[in-house]
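A short write-up of the structure that comes next.
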Amino acid sequence: MEILALYTSADTLPSALAAGARHLAASLQGFALVYQAVHDATQPDGWAGFTCAKDAQVAGEELDDFVRQTLDSERPLRTDAPEGSPRIWARAAGGVYGFPIRHNGQVRGVALLGCPGPWPRVQNAGIESILRQVALVLDHHAVSGGVPEEAEPSDEVLRLSEQLLAQDIELIKREERLTLVVRLKADLIETMSYELRQPLNSMIERMISVLANEHEALSASGRDALRGVLADGNTLMQMLQNILELWRLKQGEVALEVQDVNLAEVIEEAIFNVRDTLQPDVVFEKRIPSALPKIRTDLGKLNQILFHLLDNAAKFTRRGRIALELRLEDGQLLCSVTDTGIGIAPDDQEQILDEFFRVDSSTDSRHRGAGLGLTLARGLIEKLGGSLSLQSEIGQGSVFSFALPVITC
């Protein structure tokens, strides 16, 4: 709220805009230029991230056409940094972004942000909050102090402007509190996940070591007990990893790593990862073409998707079969996982992909898990540009199908 606090009259406008530029530049570790709607390109109204005012003025002159394009635009724009002095443009290696500053439909100014690398989406909320504060300052200045004398506003207009400014300030305070809560939640999830995984990973490693090195010295019941504890530890570790992965996915922090993928190897790995969890009376079927070409997609995410869908089928199928079917058709990878498990009621099908939703939520349920696997699978599929669908009938089983756009090699 420093920007709004600094603005008390027309004389303090430069200080408020300079503060806005400082906060914008700090958000990106780049530079910022702020202009009123009626601007002089040789002298920005607020600047930050340059070594001196002369550099800010030079940058403004070279970006003058971009300023005018942004003023006329309904949405943010991007342009490459001009060629020239590295001292000026090093902080815009990732491009220069132009944001029209609007309030109540009126264009009040422009902010140009130099970004040194890829745009950090995690900073979007903070940057939007700063731009809203700058917009409020410029709007209030235009209504109360920045109009020509012959168009001097009435007392009523000024009174209404003050009221609107106070209301907008309160809204921004609430948004900032909400942003702070979200950030604290993210820090808590990251920290707790790390703090829990470290000792859990140590416990798992020690149990594996005991089972491997002291196998003969252990009784049969002792070995079975350790294997049970090891299985529980691995389940909890997977749950923690799913929570962290889902959170990163929702925050837009999961990047794609596209590469050549051997589908036959992916399928074999997916089957291997869930085979030990299948019930004795369950038969696994694989329905894939004899020859599959390589495709370009994200290998890690495709592995995760298949694991979560097959793991879900294994949990809820006590007898019968689980079938994995895959084919390529019209530039899409089409895959389905069919089971003869307990099925999903129509009312539950609308919620089954929601996080932490479980068909059987009783504490003594034999169907273990936190209800995150299907949510994560859907999120990863959508991240890859695909879609997930479901068909199910109580007592008959379920079919989860997804389609992903791919390029064959």
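The values are calculated or read from the model by the stated rules, or taken from the named source; none is laboratory data. What you are looking at is a predicted structure, and each value in this text was computed from that prediction instead of being measured. Using ideal geometry, Cβ is built from the backbone for each residue, glycine included, and neighbour counts are taken over all protein chains shown. In case anyone asks, the SASA skips ligands and DNA or RNA and just uses the protein heavy atoms, side chains included. Shrake-Rupley method; radii C 1.70, N 1.55, O 1.52, S 1.80 Å.
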5 angstrom amide H check on L372, placed H, neighbours 5+ away: F356
Which of the peptides 226-238, 311-323 is most tightly packed, and how do the rest follow, judged by the mean count of other Cβ atoms within 10 Å per residue? 311-323, 226-238
Burial order of peptide ranges 46-59, 22-35 (average beta-carbon count within 10 Å, highest first): 22-35, 46-59
What does the highest-first list of 328-334, 268-274 look like by mean Cβ count within 10 Å? 268-274, 328-334
Hz values of 3J(HN,Hα) by residue in region 126-136 - Karplus curve (6.51, -1.76, 1.60), Gly and Pro given as x: x, 5, 4, 5, 5, 5, 5, 5, 4, 4, 4
Which order do you get for T79, T375 if you rank them by accessible area with a 1.4 Å probe, largest at the top? T79, T375
For region 13-31 and region 289-331, what is the separation of their C-alpha centers, rounded to whole Å? 49 Å
What pairs from K286/K315; K315/K383; K250/K301; K301/K383 go past 20 Å between their alpha carbons? K315/K383
Please list, ordered by chain and number, the residues whose modelled amide H lies under 5 Å from the amide H of G109; skip anything fewer than 5 residues away on the same chain. A37, I101
Please say if region 221-322 is rounded, prolate or oblate, where rounded means a/c under 1.5 for a ≥ b ≥ c the square roots of the C-alpha gyration tensor eigenvalues, and otherwise the choice is prolate for a/b larger than b/c and oblate otherwise? oblate
Over region 93-145, what number does the Rg to Rh ratio reach, with both radii from the alpha-carbon atoms and Rh per Kirkwood? 1.05
